[in-house]
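So the structure is just underneath, and the comments pick up after that.
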Amino acid sequence: GIVTYPSAPELREAAVLCPLDRLLVETDSPYLAPVPHRGKKNRPALVAVVGEAVAAAKGVTAEALAEASWANAEAAYRL
């Protein structure tokens, strides 16, 4: 969720540099909930918020980022 924090521009810059075919999206559940849920308990369902923030930083749609992240997870974890 830190990539959504206004005080973390360097993380968004790093996300921009990461090629879509190497990118995974995760949350730090139960801590570090993404904005606008900051201060509340984080949960896996909020990974979509993190993905949307990464997609916005990269200038791609959330759907394109989700598809790439899913394909990368399948490859990485041999699903």
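Quick rundown of the values:
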| read-out | value |
| --- | --- |
| Residue in segment 50-57 that is of a type in the set (A, V, I, L, M, F, W, C), open to solvent by 40 Å² or more (accessible area, probe 1.4 Å) and over 24 Å from TYR77 (Cα atoms) present | yes |
| Long-range neighbours under 7 Å by Cβ, at least six apart or interchain, first residue among the β-branched types (Val, Ile, Thr) within segment 58-79, second assigned to a helix (DSSP H, G or I) | THR61/ALA55 |
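The values are calculated or read from the model by the stated rules, or taken from the named source; none is laboratory data. Bear in mind the structure is a predicted one, so any value in this text is a computation, not a measurement. Neighbour counts run over all protein chains shown; Cβ positions are idealised from the backbone, glycine included. The accessibility values were calculated without ligands, DNA or RNA, using every heavy atom of the protein model including side chains. Shrake-Rupley method; radii C 1.70, N 1.55, O 1.52, S 1.80 Å.
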